[in-house]
Amino acid sequence: SLLAAGDASALAHLTQSYNGDAPLVGIIMGSISDMPKMAAACHVLERSGVPFEVSVVSAHRTPDRMVTYAKQAEARGLQVLICGAGGAAHLPGMTAAMTPLPVIGVPVALSQLDGQDSLYSIVQMPRGTPVATVGINNSTNAAYLALRILGVALPRARHFVAAAHEASTDAAMQTAEDLDRHGWRKY
Ligand code: RP5
């Protein structure tokens with residue numbers, strides 16, 4: 001098990017895979033307090049039908065667990081990692097340093113600095129060890145980016161992304177029709 005002795009058993013339920021098959025996407029976050037912001041990624045992946053797992057892994061509270069997770073990720077069959085962290089957000093960069101898999105970072109906003117600290121920590125990786133960084137608290141985009149990466153070789157992921165984009169286009173045009181009803185739209 002990836003759960004180190006001493007990890008709160010309350011976290012155990014988070015280390016599980018969804019949708020039955022071996023997970024292709026691994027979602028990790030520095031603290032259970034990140035979960036409200038990371039849940040959106042889980043919901044997108046759940047809807048896509050692409051198997052994923054979610055777990056709490058902290059770079060400073062459980063560094064050995066982070067090393068184990070990152071180093072075993074590829075052999076365990078994961079293909080993309082999503083890492084959410086707040087403050088001095090070193091989890092995504094440290095993870096990227098220990099795996100060749102693509103790593104997507106989600107800056108989580110804490111009460112200080114509005115998440116700009118997390119954003120800068122994650123996006124400013126030195127050359128050679130990139131973390132694909134999405135917007136502050138935007139784990140939705142992290143999930144869609146993971147699906148786009150998987151979509152290169154996985155039709156199910158590609159089709160889900162295309163359908164989701166089509167739905168967002170329909171919703172935008174529906175809004176435009178609302179404007180038409182008022183006679184406000186000129187383009
Ligand atoms: C980071 O510290 C976590 O990613 C979280 O965003 C932040 C605060 O953690 P808690 O003190 O709420 O556990 O490592």
When you go through 69, 120 one by one, which is the residue that is free of Cβ contacts under 8 Å to residues at least 24 places away in the same chain, of a type outside the set (Lys, Arg) and within 16 Å of the ligand (Cβ to nearest atom)? 120
Tally time: how many residues in region 95-125 are of a type outside the set (S, T, N, Q) and under 19 Å from residue 32 (Cβ atoms)? 7
Which of the residues that make up region 36-61 are near the ligand (Cβ under 10 Å from one of its atoms) and either within 14 Å of residue 92 (Cβ to Cβ) or in contact with a helix residue (DSSP H, G or I) (Cβ under 9 Å, 6 or more places away or on another chain) (or both)? 37, 38, 56, 57, 58, 59, 60
In region 138-163, what residues are surrounded by 22 or more Cβ atoms within 10 Å (Cβ to Cβ) and under 14 Å from residue 83 (Cβ atoms)? 139, 142, 143, 146
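Every residue, every condition in (1) touching a Lys or Arg at 6+ places or on another chain (Cβ under 7 Å); (2) touching a residue at least 60 places away in the same chain (Cβ under 8 Å); (3) not hydrophobic (A, V, I, L, M, F, W, C), yes or no:
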{"residue": "31", "(1), (2), (3)": "no, no, yes"}
{"residue": "35", "(1), (2), (3)": "no, no, no"}
{"residue": "41", "(1), (2), (3)": "no, yes, no"}
{"residue": "47", "(1), (2), (3)": "no, yes, yes"}
{"residue": "51", "(1), (2), (3)": "no, no, yes"}
{"residue": "61", "(1), (2), (3)": "no, no, yes"}
{"residue": "65", "(1), (2), (3)": "no, yes, yes"}
{"residue": "78", "(1), (2), (3)": "no, no, no"}
Which residues, taken from region 100-159, are polar (S, T, N, Q), farther than 17 Å from residue 59 by Cα, in a helix (DSSP H, G or I) and more than 14 Å from the chain's Cα centre (by Cα)? 116
Of the residues 84, 93, which is closer than 16 Å to residue 30 by Cβ, under 17 Å from the mean Cα position of the chain (by Cα) and outside any strand (DSSP E or B)? 93
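Every read-out reported here was derived from the displayed coordinates using simple, explicitly stated rules and does not represent laboratory data. None of the values given here were measured: they were computed from a predicted structure. Ideal geometry is used to build each Cβ from the backbone, glycine not excepted, and the neighbour counts take in all protein chains shown.
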